[in-house]
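Below is one structure; the comments refer to it alone.
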Amino acid sequence: MDNFKYLYASRQIKLAEQSIAKDHGFLLFDLMVKAGKAVFDLACFHYPDSHHWLIVCGKGNNGGDGYIVATLAIEAGIKVTLLEVEGAAESRGDASLARQGFLSVGGAPKRLDVDELLSRGTDLEYDLVIDALLGTGLQGNLRPSTLDIIEAVNGLKLPTICVDVPSGLNSDTGQPMSSAMTADHTVCFIGMKQGLVTGRARDYVGQLHLANLSISEELLKQYQMPVARVDLCAMTAQILAPRKPTAHKGTSGRLAVVGGAQGMLGAARLASLAGLRVGSGLVRAYVEKKSLVAMQSAEPEVMAMPWKNLKHQDWSANALVIGPGLGQSKQAHEVFHSIIDSSIDNLKKTSAYRLVIDADGLNILAQSPMRNDKWVLTPHPGEAARLLGVTVAEIEEDRFAAVKSIQVQYGGVVVLKGAGTIIFDGSDYFLCTRGNAGMATGGMGDVLAGMIGSYLAQGYSTVQATMIGVLIHSMSADNCVKEQGQLGLIASDLLPEIRRLTNYFANSCMTSS
């Protein structure tokens, strides 16, 4: 899935392909032929024994791609049943040319009858579905008739390849319009659409493939500026550096973690250990007094102190994480606001001290909104909803818009966690394509917060620390599930792997330099 560096809005791709075709002297129909060929080749590669393809075509250019696929399949000796929606015979332009090509090789399109598909679909020996029903121009809810088609095709439970985007899925937001085709593979054309890699899209797209149709990303960038970057591995390898031979614990990043109320000490422990595992020389955990003995005995490498000591400490930490297990008590609110007030005064004087707000810290911030351009906020969708005073459903409707709204209101760098985590710093989006559903367990966010705080303490910028943390956190989870699977993955499983990957990328930087 990582054969692309950038994400684009669907309208950008449409405008770019028109301009590129005009400037470089080829027809848009040529791109349609290449698109159909890309889908056909992928189908033959992944399903070499398939012999009867069901191809569902709409009446737009997405349907035109489907006719090209059907033509190539017939020429290859594959049995094809092509179902077209009402009005497809009156298609114009390139879609009409593609349909004529299908007819010229003996293709016989059939009117798409949902009732017949529902009653006889499993009896007709189809072994592969090509979805060319709806393209990227989808807006609003699906018509009932279209919804019926999608549900009927999904009901066949056959291997499915979607053309450019699963029908019914908004390619800009990743949200299904009531329902969407469920793909095993989705072949996206020219540039990767931004909505296919975040939010609920992961439930529908299957394995993503980019067919650039001979339009390189460099050429595409000349016509349209990308919405987001996804090549976090390459950027991390360039940024993350090994320790100097003369480093000592005082120069390797001093991190403070504030949280650990009674009953929630585990969150502060995970954040503290994560900070150590990715390179901080010193980590100090400030926890509720009732949690102090447990913290001191559990983690000998972490210096443990009670919350009250925050009033007397000299702010020698390079970065501070507040929120993991902090709770919502009156004392927790007082601790939070004392840190925010002190850190704001400190930030006016020096750039040496940075702040990561996570978990309960975000919930307290939502009750007393304020803005700071130098902190990092790491909400999951529920916390994001509280920050904006909306529902989780509204956050997930458009994750790009949601992370931007949080940044506009609160400032800094914002990480909207979830499937396809998005980072936004006020000007640029970064999206992580790594990670898996095994990460849906308590403590994962605490590990990430500790990692970001540690990278900040080591001197990386807010954007760099956030990007590196999100990537290595997600990659670690992916590596952990390779042998044992997603179920049962816990946050502490990541700790050895985040250490290994941090060193891997740091050494990559040293080797490349």
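Put in line by how crowded their Cβ is, counting other Cβ atoms within 10 Å and starting with the fewest, 151, 334, 218, 383 read 218, 334, 151, 383. Evaluated over the Cα positions of segment 232-509, the convex hull gives a direction-averaged projected area, one quarter of its surface, of 13.8 nm². Each Cα pair under 8 Å and six or more residues apart adds its sequence gap; the mean of these over the residue count of segment 232-509 is a relative contact order of 24 percent.
Rg and Dmax of the chain, based on Cα coordinates, read 26.0, 84 Å. A simple spin-label model places the labels of residue 127 and residue 52 1.0 nm from each other, with each point 7 Å out along Cα-to-Cβ.
When ranked by the protection proxy of mean other Cβ atoms within 10 Å per residue, highest first, what sequence do the peptides 430-443, 447-460, 170-183, 474-487 form?
On the way: 430-443: 19.4, 447-460: 29.6, 170-183: 22.9, 474-487: 16.0.
Order by mean packing, descending: 447-460, 170-183, 430-443, 474-487.
Provide the net charge surrounding residue 461, with neighbours chosen by a C-beta distance below 13 Å and charges set as Lys +1, Arg +1, Asp -1, Glu -1.
-1
By DSSP, the beta bridges lying fully in the chain are antiparallel in about 15 percent of cases.
Between residue 368 and residue 482, full extension at 0.36 nm per residue minus the direct alpha carbon distance yields a gain of 36.8 nm. Close Lys pairs in segment 1-126 (alpha-carbon distance under 18 Å; sequence gap of 8 or more, or different chains): 7.
Dipole check for segment 90-228: with +1 at the C-beta of Lys and Arg, -1 at the C-beta of Asp and Glu, and the Cα centre as origin, the magnitude is about 300 Debye. Magnitude of the charge dipole for segment 232-509, about its Cα centre and with charges confined to Cβ atoms of Lys, Arg (+1) and Asp, Glu (-1), is about 840 debye. Given R0 = 25 Å, the distance between the Cβ atoms of residue 27 and residue 225 translates into a calculated FRET efficiency of 0.45. Each residue, residue 75 and residue 308, gets one label point 7 Å from its Cα in the Cβ direction; the gap between the two is 8.2 nm. Distance between the modelled labels on residue 103 and residue 116, one decimal in nanometres: 1.8 nm (7 Å Cα→Cβ projection). Projecting the Cα positions of 176, 3, 317 onto the charge dipole of the chain (unit charges on Cβ atoms of Lys, Arg, Asp and Glu, taken about the Cα centre) puts 317 furthest along the positive direction. Between the residues 420, 408, 436, the greatest Cα displacement towards the positive end of the dipole of segment 391-454, with unit charges on the Cβ of Lys, Arg, Asp and Glu, is found for 436. In the neighborhood of residue 162, defined by Cβ-to-Cβ distances under 10 Å, what is the net charge if each Lys or Arg adds +1 and each Asp or Glu adds -1? Once all neighbours under 10 Å are counted, the net charge is -3. Along the axis of the charge dipole computed for the chain (Cβ charges of +1 for Lys and Arg, -1 for Asp and Glu, origin at the Cα centre), the listed residues 293, 103, 189 are led at the positive end by 293.
Read the figures in this text as sums done on the coordinates, not as results from a lab. All values derive from a computational prediction rather than experimental measurement. In this analysis, Cβ positions are derived from the backbone assuming ideal geometry, glycine residues included, and neighbour counts consider all displayed protein chains.
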